[in-house]
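**Student:** I am attaching a structure below and will ask some questions about it afterwards.
The values are calculated or read from the model by the stated rules, or taken from the named source; none is laboratory data. The structure displayed is predicted, hence computed values, not measured ones. Because the Cβ atoms are built from the backbone with ideal geometry, glycine has one as well, and the counts that use them run over all protein chains shown. Accessible surface areas use protein heavy atoms only, side chains included; no ligands, DNA or RNA. Shrake-Rupley method; radii C 1.70, N 1.55, O 1.52, S 1.80 Å.
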Protein chains: 2
Amino acid sequence: MSTTGRMPSPEIIFDTLFAYQKSAALKAAIDLNLFTAIDEGAHTAPAIASRISVSERGARILCDYLTVNRLLAKTDDGYQLVAEASAFLSKRSPAYLGSIANFLLRPELKNNFENLIEAVRRGGVGPNDTDIVSNENPVWVEFARSMMPMMIPAAQAIAEQFTAVEPIKVLDIAAGHGAFGIALARRNPNAEIVAVDWKAVLGLAEAHAKDAGVLDRYRTIAGDAFNVEYGSGYDIVLVTNFLHHFDAATNTSMLKKVYAALKPGGRVAVLEFVPNPDRVSPPMPAAFSLTMLAETAGGDAFTFAELREQLENVGFRDVEAHGLPTPQTLLIARK
Amino acid sequence: MSTTGRMPSPEIIFDTLFAYQKSAALKAAIDLNLFTAIDEGAHTAPAIASRISVSERGARILCDYLTVNRLLAKTDDGYQLVAEASAFLSKRSPAYLGSIANFLLRPELKNNFENLIEAVRRGGVGPNDTDIVSNENPVWVEFARSMMPMMIPAAQAIAEQFTAVEPIKVLDIAAGHGAFGIALARRNPNAEIVAVDWKAVLGLAEAHAKDAGVLDRYRTIAGDAFNVEYGSGYDIVLVTNFLHHFDAATNTSMLKKVYAALKPGGRVAVLEFVPNPDRVSPPMPAAFSLTMLAETAGGDAFTFAELREQLENVGFRDVEAHGLPTPQTLLIARK
């Protein structure tokens, strides 16, 4: 023990061991539409309790807890939404993303953390846990259903990188909700999108393409992104939130297929959580590495240098990183 | 949605939904003796992995994650303990309290948060969950086994409030690990302690009393604190970490028994998480209310005014609050 005079407080330890309660409290509040109720004018515990059909005591304690955790504010006029809650947790907001809790707290994903010690020992998901990238895992339907709102800002930012209006062919790997390809299709009326994902997921991507009015330019290829035939002659291939699930060797073999599918001069767009070289900043991309340790066999939050190496290994050049208005990073490279 | 110009970041929402991973990561690190390994000189992922028998990849990712969460620091010389980890998470430290994770993350306690929405609806622990204050719940043996190190500073601070050296009789209600009564017995060689708790718990309290050399002045009463006979003529009754498990009416009926057991002029010492009147500060006592919502039928983190009322209702007077070097508050009142 390296003492330095005054005894520190164990509060951070207590707070960290109790942190699981924060996830549970926010999930409960989202599922109860508590933030929407406050946005609609219920500001006291009795008013909130009445509107969302819970006990007054439950409403009071949950709202106080959310206030402690800076998701609400408490004033003389009662509970108020903080800016983030107003923007993202009230269903009255067009940017509502409460649905992400359904994916992020899926039992399959959460339960792997019960055996985290085993994942640390093995260096990847434990033998009795669920590898989330296993075949046709239903979490990806939930992902497609729930995570789209979280990805809209990144999808729009990516679309802005591709300003062409001439006819282009875009391959959207592991398209999920489809937001990335759809954003490109909306920006360029002459873009044709080919979306790859499991069959059950593609139904949702197609529904979103229909909602966006681009279904006539939207094709799908059902199956495992590692095994299906992509076709060729693509101008752009989107590889979003994909590489972090696999180790570098697996990514290299997969990027080889992407490279082959592109026309000369075509570009790959990779969206990732990219920590700094120190791997401990910024907080969100750096922390994401633990999720991959617990949920996959070899996935990681790769640094820019690692991703560049994976891309250059298969022949890509001019690898560039673009900051986004989200905690993720966009890499673009050219064939 | 009340917009205020610039769009806020959803990072706090993402971070809160993923907060459960912080608890799991710290628990895994404690169970693997990772902090002790670093304290003993392992500072790189390979060195740590080798010392605690885990994969290098697992050690690297877990250490980076703990660094993001300020439980480690990462320098050019590798991973280092922060002051709190050095004081409380290395087994080389006399103030080691890693054992508290065994209680705080007991499945019985944690699982209730899976159904938090039901507790919010009902205003207390759900019908399919475990009320932690139910009869002979084994969590209290775990509590007695694990939580003593966390309570030592408070126990010492309480003992300092009672400076008498003449013979006194002390009743320690729900004694648990016994730390509070034992601290008084050590301070006053003429103090006799009577500890009340479930039989399985008292075995541990007695073992601790023996370790402290006070077993000859240590008696026990096994059973439910609400039903057993306390005896009478006590100078001091300790009611530590007890009242938060019950509603005000239950506490009042229990404090009546305490009052009756004291001699005139005797004092009750109540240790509690006491939030400010706003109920949202300080963070730790305020947040504790949610734990009681999820784990008990009617428990709460009571404010000073509420606790004073519970005490005065049965006849106590001169209710005083004493700040402690921990996030809890000591209340002392006189018969």
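**Student:** Check A:Gly266 against each of (1) open to solvent by 20 Å² or more (accessible area, probe 1.4 Å); (2) not in a helix (DSSP H, G or I) and name the one condition it does not meet.
**Tutor:** (1)
**Student:** Checking A:Gly299 against (1) open to solvent by less than 30 Å² (accessible area, probe 1.4 Å); (2) farther than 27 Å from A:Ile193 by Cβ; (3) part of a loop (DSSP other than H, G, I, E, B), only one condition comes out false. Which one?
**Tutor:** All conditions pass for A:Gly299, except number (2).
**Student:** Return the total of residues in region B:71-87 being assigned to a helix (DSSP H, G or I) and touching a residue at least 24 places away in the same chain (Cβ under 8 Å).
**Tutor:** 2
**Student:** Just to check your reading of the model, which residue among B:Ala191, B:Ala222, B:Ala200, B:Ala209 is in contact with a helix residue (DSSP H, G or I) (Cβ under 7 Å, 6 or more places away or on another chain), away from chain A (no Cβ under 14 Å) and closer than 27 Å to B:Leu89 by Cα?
**Tutor:** The conditions single out B:Ala209.
**Student:** Which ones in region A:33-47 are in a helix (DSSP H, G or I) and touching a residue at least 40 places away in the same chain (Cβ under 8 Å)?
**Tutor:** Correct list: A:Phe35, A:Thr36, A:Ile38, A:Asp39.
**Student:** Residues to consider are A:Leu26, A:Leu62, A:Leu17; find the one that is facing chain B (nearest Cβ under 7 Å), touching a residue at least 60 places away in the same chain (Cβ under 8 Å) and open to solvent by less than 10 Å² (accessible area, probe 1.4 Å).
**Tutor:** A:Leu26
**Student:** Being away from chain B (no Cβ under 11 Å) and more than 28 Å from B:Pro8 (Cα to Cα) is the filter here; which residues of region A:97-124 pass it?
**Tutor:** A:Glu108
**Student:** What are the pairs, 6+ residues apart or on separate chains, where a residue within region A:274-286 that is on the phi < 0 side of the Ramachandran plot has its Cβ under 8 Å from a residue that is open to solvent by 30 Å² or more (accessible area, probe 1.4 Å) and in a helix (DSSP H, G or I)?
**Tutor:** A:Val274/A:Phe304; A:Pro277/A:Phe304; A:Pro277/A:Ala305; A:Pro283/B:Asp15; A:Met284/B:Glu11; A:Met284/B:Asp15
**Student:** Now for a different question. For region A:46-59, how many residues meet the condition of being crowded, with 20+ Cβ neighbours inside 10 Å and more than 10 Å from chain B (Cβ to nearest Cβ)?
**Tutor:** Number of matching residues: 1.
**Student:** Determine whether region B:238-252 contains at least one residue that is touching a Pro at 6+ places or on another chain (Cβ under 6 Å) and either part of a helix (DSSP H, G or I) or open to solvent by 10 Å² or more (accessible area, probe 1.4 Å) (or both).
**Tutor:** No, region B:238-252 contains no residue that is touching a Pro at 6+ places or on another chain (Cβ under 6 Å) and either part of a helix (DSSP H, G or I) or open to solvent by 10 Å² or more (accessible area, probe 1.4 Å) (or both).
**Student:** Ok, one more. Restricting the search to region B:94-103, which residues are crowded, with 18+ Cβ neighbours inside 10 Å and either farther than 16 Å from B:Ala29 by Cα or free of Cβ contacts under 8 Å to residues at least 24 places away in the same chain (or both)?
**Tutor:** Passing the criteria: only B:Ala95.
**Student:** Here are A:Ser50, A:Ser93: which of them is over 25 Å from B:His244 (Cα atoms) and assigned to a helix (DSSP H, G or I)?
**Tutor:** Just a single option satisfies the conditions, and that option is A:Ser50.
**Student:** Ok, one more. Would you please name the residue that is farthest from the other protein chains (Cβ to nearest Cβ), looking only at residues in region B:276-315 that are of a type in the set (Gly, Ala, Ser) and farther than 25 Å from A:Lys74 by Cα?
**Tutor:** B:Gly315
**Student:** Moving on. Among the residues of region A:70-80 satisfying the criterion of being among the hydrophobic types (A, V, I, L, M, F, W, C) and either open to solvent by less than 30 Å² (accessible area, probe 1.4 Å) or facing chain B (nearest Cβ under 7 Å) (or both), which is nearest to the chain's Cα centre (by Cα)?
**Tutor:** A:Leu71
**Student:** Filter region B:321-335 down to residues that are open to solvent by less than 20 Å² (accessible area, probe 1.4 Å) and within 23 Å of A:Ile13 (Cα to Cα) and give me whichever is nearest to the other protein chains (Cβ to nearest Cβ).
**Tutor:** The residue in question is B:Gln328.
**Student:** Can you go through A:Asp318, A:Asp235 and tell me which one is part of a strand (DSSP E or B), away from every other protein chain (no Cβ under 14 Å), more than 25 Å from B:Ala28 (Cβ to Cβ) and in contact with a Gly (Cβ under 7 Å, 6 or more places away or on another chain)?
**Tutor:** A:Asp235
**Student:** In region B:95-113, is there at least one residue being at pLDDT below 95 and over 28 Å from B:Leu290 (Cα atoms)?
**Tutor:** no
**Student:** Within region B:82-91, which residues are over 22 Å from the mean Cα position of the chain (by Cα) and either at the interface with another protein chain (Cβ under 7 Å from one of its Cβ atoms) or not aliphatic (A, V, I, L, M) (or both)?
**Tutor:** Hits for region B:82-91: nothing passes.
**Student:** Could you check region A:162-189 and list, in sequence order, the residues that are in a loop (DSSP other than H, G, I, E, B), within 24 Å of A:Ala260 (Cβ to Cβ) and either within 16 Å of the chain's Cα centre (by Cα) or of a type outside the set (Phe, Trp, Tyr) (or both)?
**Tutor:** Matches in region A:162-189: A:Ala164, A:Glu166, A:Pro167, A:Ala174, A:Ala175, A:Gly176, A:Gly178, A:Asn188.
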